[in-house]
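See structure below.
The values are calculated or read from the model by the stated rules, or taken from the named source; none is laboratory data. All values derive from a computational prediction rather than experimental measurement. Here the Cβ is made from the backbone with ideal geometry for all residues, glycine too, and neighbour counts use every protein chain on show. Just so you know, the surface numbers come from the protein's heavy atoms only, side chains and all, with ligands and any DNA or RNA stripped out. Shrake-Rupley method; radii C 1.70, N 1.55, O 1.52, S 1.80 Å.
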Amino acid sequence: MSYTRIQQRMEVLKTSGRKALIPYIVAGDPALTVTVPAMHAIVEAGADIIELGMPFSDPFADGPVNQRGAERAINSGTTLADVLKAVSEFRNDDCDTPIVLMGYLNPVIAMGEAIFCEAAAAAGVDGLLIVDMPPEEEGALVQSAKMAGLDLIYLAAPTTTDERLQIIGKATSGYLYYVSLKGITGSSKLDTASVSKRVVHMRQHVTVPICVGFGIRTAQDAAAISSTADGSIVGTVLVSQVEELVDQPEKIPSALKAILEPMRQAMDANG
Amino acid sequence: MALTEQELRTLDYEPDTGGHFGDYGGRYVSETLMAALNELDQSYKKLKNDPDFQCEFDTDLASFVGRPSPLYHADRWSKAISGAQIYFKREDLNHTGAHKINNTIGQALLAKYSGKPRVIAETGAGQHGVASATVAARLGLECVVYMGAEDIERQSPNVYRMKLLGATVVPVESGSRTLKDALSEAMRDWVTNVDDTFYIIGTVAGPAPYPQLVRDFNAVVGREVKWQSKEIFGKYPDALVACVGGGSNAIGLFYPFLREAEVAIYGVEAAGRGLSTNEHAAPLCSGRPGVLHGAKTYLMDNNDGQIAHTHSVSAGLDYPGVGPEHAYLKDIGRANYVGATDEEALAAFHEVSQVEGIIPALETAHALAYTKKLAASMRSDQTIVCNMSGRGDKDIFTVAKMEGISLT
Ligand SMILES: Cc1ncc(COP(=O)(O)O)c(C=O)c1O
């Protein structure tokens, strides 16, 4: 099987001794017109992969900040088809940066798993992370994603047993998303030392790169996490920033860039 | 996928090891919850057959709840309708006024046996919150109840009741500010505090094993009806009727009768302002399969898969999803799901109050509205058991307000 864009990017990072910076924003927050410029700004700031949120009305694994982001996107009329449109527009100018769509299963079921996967691949999406679909529930979506050549990224948590880690390690492709803490997105109790220990432990069961998200807020956090992990995923701080600028959306791309640049530098200084 | 009568008589009606009822149910949750659900699954499997646990549960149902609840012949109402004989299963006489207490006692005992000092719950009408706060007080557990801000406004007596019982009520301002948002919020709390916290879910919805264990704790209702109906009228009822929000009172009545294929089963959803409008809460009647709150089931969403805002005059039925076992029973043809509108429910609310001297909960009034229609189509030697899932004390303010009457 040929390498996906995510796998290629991870290889390149590995050979150059760098770690992945993976920002998350919600597509259509606060309006779809902001999304593509924001994605380009994120790449200019040094992002390796973009996680693009597909808004869902009932995101029960997310905190209040990300839920409000999703609500703004839905209220501005963003549909799943719009999210895919934003990706193909982004691809007009950027063919290199891998894109992972992150969200919940119900909107995907509503579109139809096979139709969704084909359309996503055609738009230039590289991977899917469906928060409420653990490997036990894999069904139509997994088949369709494989057929379309999309990576499926799964989550692991501090409470995940070794037995389940093996199952998840086999199911996940592209990378594994390690949820750094017990809680929802936007929690503030990141413990970088214990995360490092977990990452080292997980490598016994998982061969793909391990990226860590939930609770990374500062450049120090990002650097500390990626000293052991293969990447740092940054979401809530960015969505908070978007929230602060809802009335001046033209400032959002540069503001996101300003948050990410120091993270990139701190992560690169690690090596 | 409807099954034959012979198949319906021999099915075991149990979920598979992953908690699936046919295609429905399962554990569609974030990885952060998997360990907690697996732990719950293990401890429930163990305690289910533990004589000490069962004995404590049965004792509490008898001495704290007041079980068995009577099976009551609604004689005057039956005569007035001039059709089948209508019996009420009097869950409204339970301590705290509804069937919800059966399940909360079971779950709070699970919390106690698993050494969790803190319980959380979501609530819509406030009945489940009150039942959880009640049991928590009795067992000395800390209790936090999540409740949509809109429901807090329309169910203020129950909010005060929970506070009297020592619980903390947290208003939920996100989304539509109703039951579905309270459920999301409770799940968030659970993910964050999973080490010391037990989530007492209020209905047969949510990820496995909740739909199964909530059903099992409520099945005492149907088991009692089995012997009571034999004792009172010498046979099983011809039909069972119950309202369906998440579906816990309904499945509690239905489950022990599932293999008795001659017993017809009707679940009544909230048809709000009418099933042809978008303002109802009837996923089985006019929704489609999807995934919400950890289970695959029928739900109400828009074309883009966003969960719909529902409407019902009764807060306890105002939920866009439904327990996965009901989705399964619908597909295999074992149970029928129908709707009753706000207007029909309100009419039944008044009628039963005046003809039988029982003020029903607005949720229950939906079941009564359909019972009336069904009874009228049946013979007088036939019987219907309608689950009187709760009493209407909590609703008198809502009803008065709608009728322009001020109670203060
Ligand atoms: C009296 C009563 N009946 C029915 C319900 C609906 O719940 P379920 O469908 O789980 O029985 C409620 C919910 O609050 C209730 O209070």
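Just one of the numbered conditions (1) surrounded by 18 or more Cβ atoms within 10 Å (Cβ to Cβ); (2) within 11 Å of another protein chain (Cβ to nearest Cβ); (3) closer than 20 Å to B:Ala136 by Cα is not true of B:Ser176: (3). Residues in region B:283-326 that are away from every other protein chain (no Cβ under 14 Å) and closer than 22 Å to B:Leu3 by Cα: B:Leu284, B:Cys285, B:Ser286, B:Val322, B:Gly323, B:Glu325, B:His326. Kindly evaluate B:Tyr210 against the criterion of being open to solvent by 10 Å² or more (accessible area, probe 1.4 Å) and within 16 Å of the ligand (Cβ to nearest atom). In short, no. The helices (runs of 4 or more DSSP H) falling completely within region A:1-76 that include 2 or more residues that are touching a Lys or Arg at 6+ places or on another chain (Cβ under 9 Å) map to A:5-15, A:32-44. Being away from chain B (no Cβ under 11 Å) and outside any helix (DSSP H, G or I): is that true of A:Thr228 here? Considered against the rule, which asks whether it is away from chain B (no Cβ under 11 Å) and outside any helix (DSSP H, G or I), A:Thr228 comes out as yes. Here B:Tyr266 meets each of (1) within 14 Å of chain A (Cβ to nearest Cβ); (2) of a type in the set (Ser, Thr, Tyr); (3) open to solvent by 30 Å² or more (accessible area, probe 1.4 Å) with one exception, condition (1).
The residue list A:Ala120, A:Ala140 contains one member that is at pLDDT below 95 and out of contact with any Phe, Trp or Tyr (no Cβ under 9 Å at 6 or more places or on another chain), which is A:Ala140.
B:Asp189 satisfies every condition listed in (1) acidic (Asp, Glu); (2) within 15 Å of the ligand (Cβ to nearest atom); (3) open to solvent by less than 40 Å² (accessible area, probe 1.4 Å) except (2). Sub-8 Å Cβ pairs linking a first residue in region B:380-397 that is open to solvent by 10 Å² or more (accessible area, probe 1.4 Å) to a second residue that is near the ligand (Cβ under 9 Å from one of its atoms), at least 6 apart or interchain, are B:Arg391/B:Asp92; B:Arg391/B:Gly97; B:Arg391/B:Ala98; B:Arg391/B:Pro360; B:Arg391/B:Ala361; B:Asp393/B:Gly97, ordered by first then second residue. Scanning region A:247-271 for residues that are buried (at least 16 other Cβ atoms within 10 Å of the Cβ) and under 24 Å from A:Pro55 (Cα atoms) yields a count of 8. Filtered by the rule that a residue be more than 9 Å from chain B (Cβ to nearest Cβ) and either crowded, with 23+ Cβ neighbours inside 10 Å or of a type in the set (D, E, K, R) (or both), region A:51-77 gives A:Glu51, A:Leu52, A:Gly53, A:Met54, A:Asn66, A:Gly69, A:Ala70, A:Arg72, A:Ala73. Whenever a residue of region B:121-135 is near the ligand (Cβ under 6 Å from one of its atoms), its partners that are in a helix (DSSP H, G or I) and of a type in the set (Asp, Glu), lying with C-beta atoms within less than 7 angstrom and at least six residues away or across chains, give the pairs B:Gly124/B:Asp151; B:Ala125/B:Glu363. Can you name the residue in region B:66-101 that is among the aliphatic types (A, V, I, L, M) and more than 14 Å from the ligand (Cβ to nearest atom) and is also nearest to B:Cys386 (Cα to Cα) among such residues? Among those residues, the one meeting the criterion is B:Ile86.
All of (1) open to solvent by less than 10 Å² (accessible area, probe 1.4 Å); (2) within 15 Å of the ligand (Cβ to nearest atom); (3) out of contact with any Lys or Arg (no Cβ under 7 Å at 6 or more places or on another chain) hold for B:Gly339 with one exception: (1).
Residues considered: A:Val83, A:Val36, A:Val43. Of these, the only one that is within 15 Å of the chain's Cα centre (by Cα) and more than 14 Å from chain B (Cβ to nearest Cβ) is A:Val43.
Would you be able to say whether some residue in region A:57-72 is of a type outside the set (D, E, K, R), in contact with a Ser or Thr (Cβ under 6 Å, 6 or more places away or on another chain) and under 23 Å from A:Gly139 (Cα atoms)? The answer is yes; a qualifying residue exists. For region B:42-65, check the following and say yes or no: at least one residue is under 20 Å from the mean Cα position of the chain (by Cα) and within 16 Å of the ligand (Cβ to nearest atom). So far as region B:42-65 goes, yes, one or more of its residues are under 20 Å from the mean Cα position of the chain (by Cα) and within 16 Å of the ligand (Cβ to nearest atom).
In the set (1) assigned to a loop (DSSP other than H, G, I, E, B); (2) of a type outside the set (S, T, N, Q); (3) within 14 Å of chain B (Cβ to nearest Cβ), A:Asp96 fails one condition alone, (3). The criterion of at least 2 residues that are under 16 Å from the mean Cα position of the chain (by Cα) is met, among helices (runs of 4 or more DSSP H) falling completely within region B:307-379, by B:324-332, B:362-376. For region B:271-292: of the residues being among the hydrophobic types (A, V, I, L, M, F, W, C) and more than 13 Å from B:Asp342 (Cα to Cα), which is surrounded by the fewest Cβ atoms within 10 Å (Cβ to Cβ)? The qualifying residue surrounded by the fewest Cβ atoms within 10 Å (Cβ to Cβ) is B:Cys285. Checking the structure you have, find out if any residue of region B:217-233 is open to solvent by less than 10 Å² (accessible area, probe 1.4 Å) and under 23 Å from B:Asp342 (Cα atoms). No: region B:217-233 contains no residue that is open to solvent by less than 10 Å² (accessible area, probe 1.4 Å) and under 23 Å from B:Asp342 (Cα atoms).
Taken over region A:108-153, the criterion of being within 30 Å of A:Ser194 (Cβ to Cβ) and facing chain B (nearest Cβ under 7 Å) is satisfied by A:Val131, A:Asp132, A:Met133, A:Pro134, A:Glu136, A:Glu137. Applying the condition of being touching a helix residue (DSSP H, G or I) at 6+ places or on another chain (Cβ under 8 Å) and on the phi > 0 side of the Ramachandran plot to region B:224-273 and asking which residue is nearest to the ligand (Cβ to nearest atom) yields B:Gly247.
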